[in-house]
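Just below is one structure, and these are the notes that go with it.
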Amino acid sequence: MLLLVFGACYYLKSWSRVIAVCLVVLVFGPKIMLLLPIWLMGVALHRGRPVVPAMLAWPCVIAPIVIYLVARYLELQRYAWWFNTKLPFEPYWSSGFAWLYFVGVLVSIHLIGFRCLRDADWILALERPIRWLASQSMSLYLFQFPLICFFAGLVPMPSRPVLRGVIIIAATLVSVHLLARVSEARKSQWRRVLHAGATPIGAKVVRPKPV
């Protein structure tokens, strides 16, 4: 659903944008919209490309990991559920959204730090595998949950939970890789098809920015 909202805001213009966003929100309701700020963090990172001084790069990489581990050790995520009680509706799958905001901020700071290290020799040496993994990140985001549910139902073995978990994770990653070959790997072809279909309804054609 967030993909639909983002696509409507990014590709449509004028009243078609407003109408499309309102329709999506009306159909899916406000619960899933609670997670939209996390999406917007990613958009801000990609489009704004913020940087920090070089001396703060490693602190930005390491500090979020330490803070997250300390927060988990103290079980601070339990307190995030208090925010659920302040909503006029039950958030259901967006429960604990405040904790997710917290994690989203930590991940954003972590990525900002790594961005400032992108020209380091050790990162440049790993550029090829990093780009290979990154080329499948959207497929991982889109397909991992339904695939995990599918393989969880397909692989019972309740008496051997560790082995079952390994099989489910491995099967999910292999499936995501295969699906990425017909989705992200062919995004140029899919983009042309979508642009051709969007032009008649007044959508703007946007050229992707280089990473």
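Table for the structure above
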{"item": "Which numbered condition Glu90 fails, given (1) modelled with pLDDT under 85; (2) under 19 Å from the mean Cα position of the chain (by Cα); (3) assigned to a loop (DSSP other than H, G, I, E, B)", "result": "(2)"}
{"item": "Pick from the stretch 33-48, criterion under 14 Å from the mean Cα position of the chain (by Cα) and of a type outside the set (A, V, I, L, M, F, W, C), ranking: surrounded by the fewest Cβ atoms within 10 Å (Cβ to Cβ)", "result": "His46"}
{"item": "First in the stretch 110-138 and touching a residue at least 60 places away in the same chain (Cβ under 8 Å), second anywhere and among the basic types (Lys, Arg), Cβ under 8 Å, 6 or more apart", "result": "Arg115/Arg49"}
{"item": "Selection within the stretch 1-20 - hydrophobic (A, V, I, L, M, F, W, C) and at pLDDT 80 or above", "result": "Trp15, Val18, Ile19, Ala20"}
{"item": "Filter result for Val61 (touching a helix residue (DSSP H, G or I) at 6+ places or on another chain (Cβ under 6 Å), of a type outside the set (Phe, Trp, Tyr), at negative phi and assigned to a helix (DSSP H, G or I))", "result": "yes"}
{"item": "Residue match in the stretch 11-32 (condition: under 21 Å from the mean Cα position of the chain (by Cα), surrounded by 16 or more Cβ atoms within 10 Å (Cβ to Cβ) and basic (Lys, Arg))", "result": "yes"}
{"item": "Single residue of Arg160, Arg164 found to be surrounded by 16 or more Cβ atoms within 10 Å (Cβ to Cβ), over 23 Å from the mean Cα position of the chain (by Cα) and more than 22 Å from Trp39 (Cβ to Cβ)", "result": "Arg164"}
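Let's see how each residue does on (1) in contact with a His (Cβ under 7 Å, 6 or more places away or on another chain); (2) exposed (fewer than 13 other Cβ atoms within 10 Å of the Cβ); (3) more than 27 Å from Trp58 (Cα to Cα):
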residue	(1), (2), (3)
His110	no, no, no
Arg118	no, yes, no
Asp121	no, yes, no
Glu127	no, yes, no
Arg131	no, yes, no
Ala134	no, yes, no
Phe145	no, yes, yes
Leu154	no, yes, yes
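The values are calculated or read from the model by the stated rules, or taken from the named source; none is laboratory data. In this text the structure is predicted, and so the values were computed from the model without any measurement. Cβ sites come from the backbone with ideal geometry, for glycine too, and all protein chains shown count toward neighbours.
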